[in-house]
Amino acid sequence: MTLKKSVSVFGVTGSIGASTVDVLKSHADKYAVEAVTAHRNVDALAKAAIELDAKCAVIGDPAFFGALQDALAGKGIELAAGEDALIEAAERPSDVVIAAIVGAAGLKPTLAAIRRGARIGLANKETLVCAGALMTAEITKHGATLIPVDSEHSAIFQVLEDHEESRVDRILLTASGGPFRAWPLDDMRSVTRAQALAHPNWEMGAKISIDSATMMNKGLELIEAWHLFPVAEEQIEIVVHPQSVVHSMVEYSDGSVLAQLGTPDMRTPIAYALSWPDRIKVDTPRLDFATIGSLKFEKPDTDRFPALRLARQALQEGGTLPTVLNAANEVAVEAFLKDRIGFLDIAVTVEKVMTRLGSEALTSLDQVFETDAMVRRETMACLASA
Ligand code: NAD
Ligand code: MG
């Protein structure tokens, strides 16, 4: 009998969380679950904790602790609530932590897991965007391992693994282009919440679905890629590929371009983060190339999708500007989801806040938390006065 690997899943009730539960359930002989967490969705958290036979379940919002206790009464699962409890859950011994909380809220628990040298399967890209250099320094210091779960970054990670990093000429980050890839700018002004949430290829949480529609998601992924891989900013090129079959590519100095392909199913990169350096079986639909026929590629349009330009600017200027971009975007997306602003106002708001606040040198994690909180206040004030 081989020893099981222990796994904790942060954000188990979300879209990535559900895919992770699916992979873990089909490999219960290989993985034992330590902790599962959620923000407010008690029923889904309780269900996941039972299905995975987790030792501990944590709800982020303490107002829901009573409901969690009721839902899991007599099950022998340790229960806790609140922000500090999320950090304590990350400190519990587990070989792998799947970081699938959405937004900067995932930073503190992920850091706690990094500081005990765990392997992190990182879906929560916002944490690398807002604190990338500091996070990678912590990873090196504590001997932690970061395996990307974002499909594009998992693809690049898989391609780079067996090849000399110094021979990389370009990283080609593919983007589906989202639901409005081919829409004229005039039509994009009146996009509704439902239209923006309907991604053509992927089923995801609300925030990343809106980010995909504005293409801010690809902007965040550009910054994520820069932190994960040893290339300069200008070596990362975004290519629109509407079918989401090629998950990203790497071009080497001899002209070879290597890619990772697959059906758009997050269980594949999640499984790889769990099983690396090995692979495990995942029941994904398989590619049928004859049916696909041809693969399409296009240049991104930064006029209709200014978020791409803003993210590149944030990466180029560095310092706290990516932190500002990320926090302003989180607030603007939330406002769009509550029907308070229009679709195109998301990027307009982010740009306004970036221009107003500018960039400072980034020196500490405390500064990240302070900047994040300050930007959220500024963005809300900016929206209130608009
Ligand atoms: P989701 O909204 O479906 O789920 C988010 C999870 O985080 C939920 O479990 C929720 O309870 C928890 N959460 C939310 N706010 C929290 C808070 N303040 N404190 C603690 N927990 C909180 O989101 P998702 O689509 O699963 O995405 C999760 C992360 O993975 C995001 O960073 C996203 O960019 C990234 N990602 C998602 C996909 C995808 O296919 N869904 C693909 C690539 C990367
Ligand atoms: Mg992605």
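Only a single item in (1) out of contact with any helix residue (DSSP H, G or I) (no Cβ under 9 Å at 6 or more places or on another chain); (2) among the hydrophobic types (A, V, I, L, M, F, W, C); (3) closer than 18 Å to D150 by Cβ is not met by V257, and it is number (3). Residue count for segment 219-238 under the criterion of being open to solvent by 10 Å² or more (accessible area, probe 1.4 Å) and within 14 Å of ligand 1 (Cβ to nearest atom): the result is 1. There is at least one residue in segment 50-60 that is open to solvent by less than 30 Å² (accessible area, probe 1.4 Å), closer than 23 Å to P269 by Cα and not assigned by TED's automatic domain parsing to the domain that holds W202. Within segment 61-77, if we keep just the residues that are within 13 Å of ligand 1 (Cβ to nearest atom) and open to solvent by 70 Å² or more (accessible area, probe 1.4 Å), the residue that is nearest to the chain's Cα centre (by Cα) turns out to be P62. Annotation note: Cβ proximity below 7 Å between a residue of segment 204-224 that is in a helix (DSSP H, G or I) and a residue that is within 11 Å of ligand 1 (Cβ to nearest atom) and basic (K, R) (sequence gap 6+ or interchain) occurs for L220/K125; E221/K125; E224/K125.
Which of the numbered conditions does A80 fail, given that it passes all the others? Conditions: (1) within 15 Å of ligand 1 (Cβ to nearest atom); (2) over 14 Å from G11 (Cα atoms); (3) open to solvent by 50 Å² or more (accessible area, probe 1.4 Å). Going through (1) within 15 Å of ligand 1 (Cβ to nearest atom); (2) over 14 Å from G11 (Cα atoms); (3) open to solvent by 50 Å² or more (accessible area, probe 1.4 Å) one by one, A80 breaks only (3). Of the helices (runs of 4 or more DSSP H) lying entirely inside segment 275-386, those containing at least 3 residues that are surrounded by fewer than 18 Cβ atoms within 10 Å (Cβ to Cβ), free of Cβ contacts under 8 Å to residues at least 12 places away in the same chain and outside the structural domain of V23 (by TED's automatic domain parsing) are 289-292, 365-385. The set of residues in segment 112-133 that are assigned to a helix (DSSP H, G or I) and either at pLDDT below 95 or surrounded by fewer than 17 Cβ atoms within 10 Å (Cβ to Cβ) (or both) comprises R115, A133.
When only residues in segment 178-217 that are among the aromatic types (F, W, Y) and open to solvent by less than 40 Å² (accessible area, probe 1.4 Å) count, which is farthest from ligand 2 (Cβ to nearest atom)? If we take residues in segment 178-217 being among the aromatic types (F, W, Y) and open to solvent by less than 40 Å² (accessible area, probe 1.4 Å), then F180 is farthest from ligand 2 (Cβ to nearest atom).
Checking each residue in segment 21-40 for being over 20 Å from E91 (Cα atoms) and crowded, with 19+ Cβ neighbours inside 10 Å picks out V21, V23, L24.
Within segment 149-164, residues that are under 17 Å from I208 (Cβ atoms) and without any contact (Cβ under 8 Å) to a residue 24 or more places away in the chain reach no partner that is of a type in the set (D, E) and within 9 Å of ligand 1 (Cβ to nearest atom) with beta carbons closer than 8 Å at six or more positions or on different chains.
Limited to segment 162-177, what total is found for residues that are surrounded by fewer than 12 Cβ atoms within 10 Å (Cβ to Cβ) and outside any helix (DSSP H, G or I)? Qualifying residue count for the region: 2. Picking from residues in segment 128-173 that are among the acidic types (D, E) and more than 15 Å from the chain's Cα centre (by Cα), the one that is farthest from ligand 2 (Cβ to nearest atom) is E164.
The values are calculated or read from the model by the stated rules, or taken from the named source; none is laboratory data. Just so we're clear, the structure is a prediction, and the values are computed from it rather than from any experiment. Glycine also receives a Cβ, built like all others from the backbone with ideal geometry; neighbour counts cover every protein chain displayed. For accessibility, only protein heavy atoms count, side chains too; no ligands or nucleic acids. Shrake-Rupley method; radii C 1.70, N 1.55, O 1.52, S 1.80 Å.
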